[in-house]
Structures are given as structure tokens and as C-alpha cells.
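Peer 1: Structure provided below as C-alpha cells; questions to follow.
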Amino acid sequence: MKAINTAVFAAALAGTLAAFASETLDLVPYPQEVKVLGGTYTAKSVDDLWPKAIRDPSLPKEGYRLTVDGTNGVSIACSGREGFMRALATLTQLGKSADGGKAEVFPCCEINDWPAFAWRGILFDDCRHFFGKEAVKKTLDAMARHKMNVFHWHLTEDQAWRLDIPKYPELVKYGAVRPESQNPECLGLPKMDGKPYGPYYYTESDVKEILAHAENLGIRVIPEIELPGHAVAAIAAYPELCCRGKLERRAPWCMWGVSDDIFCAGNDKTIKFLEDVIDYVTDLFPDAVVHIGGDEAPKGRWKECPKCQARIKALGLKNEAELQGWMVKHFTEYLAKKGKRAIGWDEITECNPPTATMIMCWRGANHGIAAAKKGHDVVMCPTSHCYMDYPQDADHKAKGYGKPAWAPVLSLEKVYTLDPLAGIPSEYHKHILGTQGNMWSEHILTPAEHEWKLWPRAAALAEIGWSGPGKHDFKDFKRRVDADMKRMEDEGWNVCR
Ligand SMILES: [Zn+2]
């Protein structure tokens, strides 16, 4: 490290001290307990900055204590990797560059911190559009900065299948390339864009690279394999898996929306195929939770299918909804035998899945409340607060991403009003695991736009999930998140500000 230019450093330090004069620090999410001690610590080298860490098994999994002392520098106490990573996230946000980047100045403080909720996630839809390994890793980095800990990876859809499974090579051969796509900016444009999209998919080694990156950051990765709906890309690869045994063309669906063609629940080959996929996925992904979809599964094909009707009769089921219930139960139990837990979208609550099945509430908080009352663990991500693909404001188009108003505006302030526990009797609070932002990608074409839509809204959800709802007012959050977004922008993120 070069010698410090004293005049420049003194000027920078004066500004920094002024910023520290307030009793709150520029942190997002804000820690549970903060004591600002006054004064600063200046790190002039990486060695100065590297914290002294002690292991304290009494601290919760992601909890930590962080002390910045004017003389002794930075020390961290935590019980393991997750707590250490959360402390580093705080440290990253605390530091302010000084002396033209040659030193870093930290406010002296004591922080005692832990998460309000265990699940603080982002859904990453790599199917409607594909963003790739580097975009995934960058998203994980941004999540870690905000103490988010669950990366929900949406890998299979009507519009694409993105995971190479060696036993079923046709999946990526047919399922990872679309002949064309519905134009994301339908207004004033032809309905279809006429451009082939793909092939884009992840190999086993790509996935392992991403898993290693996530593990280093203390982030869980939950893969999603959709069943029985949102399955056209898999059916394109293996048409015998659908009720009709064929599609009009052997390709993923090129429209956005909900396809009538879903997996045939009456065909033993379908069940075996999905078991094989789950075998592969559970071997590859270390997390204890696997998402099995379950949303938006129209039953028209099942009503007309002799195999599905025969299964309903043989099992003594009342109707097609109960057939989906049987399928959910089958795969929840199949996963349980492997020591894993299934999570599915809230529609499956209506087909009475086993209580161990976790529920992801998207249609509205009332569905999450109903699931919690039935004893399911629930992740709250209702469209009203958590759909990060919705426009950030009415002025969306002026910000450089010209989309029609295809969805309601979801402002930063509205996101910040989420209370995952609202309306839930206290005896069921233990079932509310937390929240996540869902970034569906029908209307998002590039990693840059993906980042722009996530930040700062994902930071609002991060704070609700970590600090807890109602802990700070929006004005205070806005001041802190503005500083946070400025830092992210300076470091190369495309944020909305
Ligand atoms: Zn069928």
C-alpha cells in the first residue's frame, strides 16, 4: 500500500466523520442492535481490514457480533460460515473509501445482529429468458451484500428446459431452444419475433460452479422442477409424457402464459421420468429443499385422457384436482425418502398435500394464511409486494426499458410495506419462514435489465426479511438504500435510481 496523501485523506475523513455524526449507519438491511461509539478506524491495507474472528457456538446460525474499535480494528464473533458472511456484508457496507481508494474508513461501533426470518430469497427465472452463469453469480453477490440467503432457481418451464440431464439428452436438444418467442413488447409489434432463442442450458459442471459460489457466500440454492404444469419444453423432448402423446411442433411453447398441455399423470412413464429427474437433481443440489412447482395446471387434457381417468378410478379419487393431489403426495414422499422436503406453489394447498410439504404463497396472503393454518411451513411472496418483474413506476419506459403497462406498478415503497405475518394468528407465526422476490423473465431480456428491476426493490425485501417488518420507517430506509444503491452503481451494478 502506497503512502497516504495526508491532505486528501484529511478532507475525505472530515466528510466521512460528518456522515457518521448521525446515530444511524448507512446499512441495508439495518442490524437488530447498533451502538455507534464515535470515532473511526482506518484500514490502510488488506491486513488491517481483515477481521479477527472468533467462533461463538451460542450465536444463531446467521447471527454475528461485529465490533469496530479505533485501535484494534475489526472483530467478528459468529457460530459458522453463514454468520461470518453476514458480518462481512455489514462490513462491506460500513467502509467508506478514503485517500483516493488507498484507505478505508469505518465508524467505530458495536453491532449485535440476527435475522427476523430464516428464508430471504430471490426467484431467478432462467427459462423465459436465459441469463447465464455470470449473471447468476453476480446476482448471488448482490444477494449476499443484503444478507439474502435463498436462491430459488427456476429451471424448467413451458418455454425452456435449462438443466442438462445425461440420462435424457433430448431435454436440452429439443427443450433448450425456442424457434421464436412472443414479442415481449407486444404493443405495436408483431405478436411473434421470428427469432430462434437458444440453445441455452446449464451442464453439471456449470451448476457445480454456481453451487460452489453460493456456498462460499452462505446462500442456499433451491432448484425448481415444475410439475405437472409448465412442462411443454420437457414434453417437446419426450412427447409420450403428455396426455395427447404429441405436440403440434416438437419445440417449447413460444407464447407466454399457461399452456393446456401438461404432464400426463396417468402414464407410469411420466412418473418414472420425473423420479429420474428428481434423482439427478437431489444428487446434484445439496440443499434439503426441492421445489416441485404445482401452479397453473389446467385439467382439460386430464379430463379427456383415458390414462388419467383410469388412474383416478383405480385410486378411488373424486376428480382431476385430487389426481394432482396424488401427484404432489407421491413426489413429496419420494423426496422425503431421500431426506429432502418438497415446496410447491400455493395452489397445491387445495389438493391436500402432506403437512410436510412447504408452500410458497404467491396469489395473495390469504392463501399463505390458509396454508399456515393447515400446518404447512410457508414462504410469503404475494404478487402484491414481491413480483419484481412488475414495473417499478409509471415512468418505466423513460428509464430505458420500454415495456407496456402489462402489470400493475409495484413501487419500492409498496414493497417495503410487506408484513409476512400480517393477518396470521400468533400460534401460526412459527410456520412463516420468510419472504422472497420473484423475478419472472417473460418481459426481461438482458442481465442488465434483470439487475435494474431487482435493485433497490430486492433490498426492501431483504430488510423486511432480516430486520423484520415495521422496524424502520420508509423515509429512513430510503435514505439508507439510496446510499447503498450509489455504492452498488459505483461497483458496476445497473440499479434503478
Ligand atoms: Zn393423461
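Peer 1: Give the residue that is farthest from the ligand (Cβ to nearest atom), with candidates limited to residues of the stretch 213-253 that are over 19 Å from the mean Cα position of the chain (by Cα) and basic (Lys, Arg).
Peer 2: It comes out as Arg249.
Peer 1: Another question, if that's okay. In the stretch 302-311, is there at least one residue being in the same structural domain as Thr357 (by TED's automatic domain parsing), under 23 Å from the mean Cα position of the chain (by Cα) and under 27 Å from His367 (Cβ atoms)?
Peer 2: no
Peer 1: Residues in the stretch 408-429 that are in a loop (DSSP other than H, G, I, E, B), over 21 Å from Arg497 (Cα atoms) and among the small types (Gly, Ala, Ser): how many?
Peer 2: Within the stretch 408-429, residues that are in a loop (DSSP other than H, G, I, E, B), over 21 Å from Arg497 (Cα atoms) and among the small types (Gly, Ala, Ser) number 2.
Peer 1: List pairs: first in the stretch 211-229 and within 20 Å of Glu82 (Cβ to Cβ), second assigned to a helix (DSSP H, G or I) and of a type outside the set (A, V, I, L, M, F, W, C), Cβ under 6 Å, 6+ apart or cross-chain?
Peer 2: If the second residue must be assigned to a helix (DSSP H, G or I) and of a type outside the set (A, V, I, L, M, F, W, C), the pairs left are His213/Lys137; Gly218/Arg81; Gly218/Glu82.
Peer 1: Turning to a different aspect of this structure: Test of understanding: among Gly257, Gly325, which residue is assigned by TED's automatic domain parsing to the domain that holds Asp164, small (Gly, Ala, Ser) and away from the ligand (no atom under 16 Å from the Cβ)?
Peer 2: Gly257
Peer 1: Quick check: anything in the stretch 243-259 at pLDDT 95 or above and of a type in the set (Asp, Glu)?
Peer 2: For the stretch 243-259, residues at pLDDT 95 or above and of a type in the set (Asp, Glu): absent.
Conditions tested, residue by residue: (1) part of a strand (DSSP E or B); (2) crowded, with 16+ Cβ neighbours inside 10 Å; (3) modelled with pLDDT of 90 or more; (4) in contact with a helix residue (DSSP H, G or I) (Cβ under 9 Å, 6 or more places away or on another chain).
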position: Ala3; (1), (2), (3), (4): no, no, no, no
position: Leu13; (1), (2), (3), (4): no, yes, no, yes
position: Val36; (1), (2), (3), (4): yes, yes, yes, yes
position: Ala53; (1), (2), (3), (4): yes, yes, yes, yes
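Peer 1: Next question. Which one is surrounded by the fewest Cβ atoms within 10 Å (Cβ to Cβ), of the residues in the stretch 288-316 that are of a type outside the set (Asp, Glu) and away from the ligand (no atom under 16 Å from the Cβ)?
Peer 2: Gly316
Peer 1: Do any residues in the stretch 233-258 that are touching a residue at least 60 places away in the same chain (Cβ under 8 Å) have Cβ atoms under 7 Å from those of residues that are within 16 Å of the ligand (Cβ to nearest atom) and of a type in the set (S, T, N, Q), where the two are at least six apart or on different chains, and which pairs are they?
Peer 2: From the stretch 233-258, the pairs are Trp253/Ser259.
Peer 1: Still on this model: Count, please, the residues in the stretch 75-99 that happen to be part of a strand (DSSP E or B) and either within 20 Å of Lys44 (Cα to Cα) or polar (S, T, N, Q) (or both).
Peer 2: Result for the stretch 75-99: 5.
Peer 1: Would you mind finding the one in Arg341, Arg363 that is without any contact (Cβ under 8 Å) to a residue 24 or more places away in the chain and within 21 Å of the chain's Cα centre (by Cα)?
Peer 2: Result: Arg363 is the single residue among Arg341, Arg363 that is without any contact (Cβ under 8 Å) to a residue 24 or more places away in the chain and within 21 Å of the chain's Cα centre (by Cα).
Peer 1: Would the stretch 328-339 turn up any residue that is within 14 Å of the ligand (Cβ to nearest atom), modelled with pLDDT of 95 or more and surrounded by fewer than 20 Cβ atoms within 10 Å (Cβ to Cβ)?
Peer 2: No.
Peer 1: Does the stretch 269-287 contain any residue that is within 15 Å of the ligand (Cβ to nearest atom), in contact (Cβ under 8 Å) with a residue 60 or more places away in the chain and either among the aliphatic types (A, V, I, L, M) or outside the structural domain of Arg220 (by TED's automatic domain parsing) (or both)?
Peer 2: no
Conditions (1) more than 27 Å from Tyr64 (Cα to Cα); (2) not small (Gly, Ala, Ser), marked per residue:
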{"position": "Val105", "(1), (2)": "no, yes"}
{"position": "Phe131", "(1), (2)": "yes, yes"}
{"position": "Ala142", "(1), (2)": "no, no"}
{"position": "Val150", "(1), (2)": "no, yes"}
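The values are calculated or read from the model by the stated rules, or taken from the named source; none is laboratory data. Note that the structure is a prediction, hence the values are computed from the model and not measured. All Cβ positions, even for glycine, are placed from backbone atoms using ideal geometry, and neighbour counts span all protein chains on display.
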